[in-house]
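See below for the structure under consideration.
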Amino acid sequence: MVQVGLTGGIGSGKSAVADLLAGHGAVIIDADLLAREAVLPGTDALARIVERFGPEVLTAEGELNRPALGEIVFADPRALADLEAITHPAIRKLATAREAEAGPDAVVVHVIPLLVEADQQGRFDTVVVVDVPEEVQEARVRARDGWTLEHVRARMAAQATRAERLAVADHVIDNSGDHDELVTRVARLWDALLSKSNQDHP
Ligand code: ATP
C-alpha cells in the first residue's frame, strides 16, 4: 500500500485531482467528507458534541449546525480543543477502517486541505501538492463560491503559503492550465505512484 497525502490551497483543485486519481483506481480518503460523516446523527461523536456545547448546536432536524458550532469555537481556543478532542479520534477511526478495506496493493490518497498547517507530511510515503498562482485560486474560488475577493484573500491568508506547501512536496501538480492539461499531469503522477508502489513492494 502506498499512502499519499494530497494537499493544496483553497480552490487549487484538490477535488479535481482526487477525482482523476480515483478514475485510475486510487482509493480516496477525503478528510472533509470524513469530518462530516463522523458527526452524522446517531454517532457517538455528535452525542458528545451536544453534551459539551448544548442542543443549540443542532438543527431542527437533529443534524450538526456547523455555522452555530463554528461561531462558538472560532472565538474560543479551549472550545476548539474540546471539539477536536471529540472529532479527531472519530475521523481517524473512519480513516483506518477505509484503509483496511482498501487492501494491501492499494494506492490510498488522503485529501487533507490543512496537511502542512497541521504538520502531517511525515505520515505519508509521498506528498502531492496541487499548485496554482494566487490569482488563479482567487478567480476559481470566486467563480465557484461567489465570494468577494476580500473573503477569498482572508481565507488564503489563514492558510499556509504557496512556498510552505511546495517545500514539503514530493510531487507538484501544476493546475494553472485547463482540464485537459490536468488530465495529462495526473496520468503522469499516477504512473509515478505506481512505480513507487512497485519499488517499495516488488
Ligand atoms: P477547496 O479547497 O475549496 O476544497 P479544491 O482544492 O478541492 O477546493 P476544486 O474544488 O477541485 O478545488 O477546484 C476549485 C474550482 O476550480 C472548482 O470550481 C473547479 O471546477 C475549478 N477547477 C479546478 N481545476 C480547474 C482547471 N484546470 N481549469 C478550470 N477550472 C478548474
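If eta is 1.306 mPa s and T is 10 °C, what Stokes-Einstein diffusion coefficient results for region 39-104, Kirkwood Rh from Cα pairs, in µm²/s?
Numbers: Rh = 12.8 Å.
So the translational diffusion coefficient is about 124 µm²/s.
Just want to confirm a number: the relative contact order over region 39-104, from Cα pairs under 8 angstrom separated by 6+ residues, in percent. Present the calculation step by step, with values, prior to reporting the outcome.
Numbers: 33 pairs, mean separation 17.8, N = 66.
Result for region 39-104 is 27 percent.
Obtain the nm distance between the two label points defined at A163 and A118 by a simple spin-label model: each point lies 7 Å from its Cα along the Cα-to-C-beta direction.
About 2.6 nm, to one decimal.
Anyone know which of A90, A102, A154 comes out most mobile in the 10 Å Cα GNM of the chain?
The residue with the greatest mean-square fluctuation here is A154.
Quick check: Cα centre of region 141-185 to Cα centre of region 107-122, how many Å?
What the calculation gives is 15 Å, centre to centre.
At each listed q (0.13, 0.16 Å⁻¹), what is the log10 of I(q)/I(0) that the Debye formula gives for the chain modelled as equal alpha-carbon point scatterers?
Debye intensities relative to I(0), on a log10 scale: -0.81, -1.15.
Test of understanding: in a Gaussian network model of the chain with alpha carbons linked when under 10 Å, which of I29, I72, I112 would top the mean-square fluctuation ranking?
Of I29, I72, I112, the Gaussian network model singles out I72 as fluctuating most.
With contacts defined as alpha carbon pairs under 8 Å and 6 or more residues apart, what's the relative contact order of the chain in percent?
Relative contact order, the chain: 37 percent.
If you put +1 on each Lys and Arg Cβ and -1 on each Asp and Glu Cβ, how big is the dipole of region 39-104 around its Cα centre, in Debye rounded to 20?
Working: 7 positive and 11 negative charges, 41 e Å.
Value, rounded to 20: 200 debye.
In deg cm²/dmol, rounded to 500, what helix-only [θ] at 222 nm does the chain give when every DSSP H run of at least 4 residues adds -39500 (n - 2.57) and the total is split over its residues?
That comes out to -17500 deg cm²/dmol.
Using unit Cβ charges (K, R positive; D, E negative) and no other charged atoms, how large, in debye to the nearest 20, is the dipole of the chain about its Cα centre?
Numbers: 20 positive and 33 negative charges, 30 e Å.
Charge dipole, the chain, about its Cα centre: 140 debye, nearest 20.
Can you tally the net charge around L189? Count Lys and Arg as +1, Asp and Glu as -1, for every other residue whose Cβ sits under 12 Å from the Cβ of L189. Walk me through the numbers on the way to the answer.
Details: positive: R185, R188, K196; negative: D170, D174, D191.
Local charge sum for L189: 0.
Let me spell out the model: positive unit charges on the Cβ of Lys and Arg, negative unit charges on the Cβ of Asp and Glu, origin at the Cα centre of region 12-56. What dipole size does that give, in debye rounded to 20? Mind dumping the intermediate values first?
Working: 4 positive and 7 negative charges, 15 e Å.
So the magnitude is around 80 debye.
For I29, which sequence-distant residues (separation of 5 or more, or a different chain) have an amide H within less than 5 Å of its own amide H, given hydrogens modelled in the peptide plane?
Residues meeting the criterion, in which the H sits 1.01 Å from N, are V109, H110, V111.
Rank these for me by crowding, K14, K93, going from fewest to most other beta carbons within 10 Å.
Working: K14 26, K93 14.
So the residues, fewest neighbours to most, are K93, K14.
Given the options T184, T87, T126, which has the most mean-square fluctuation in a GNM of the chain, springs set between C-alpha atoms less than 10 angstrom apart?
Per the Cα network of the chain with a 10 Å cutoff, T184 tops the list.
Computed from the coordinates by the stated procedures, all read-outs in this text should not be read as laboratory data. Owing to the predicted nature of the structure, the values given are computational and were not obtained by experimental measurement. Every residue, glycine among them, receives a Cβ derived from its backbone with ideal geometry; neighbour counts consider all protein chains shown.
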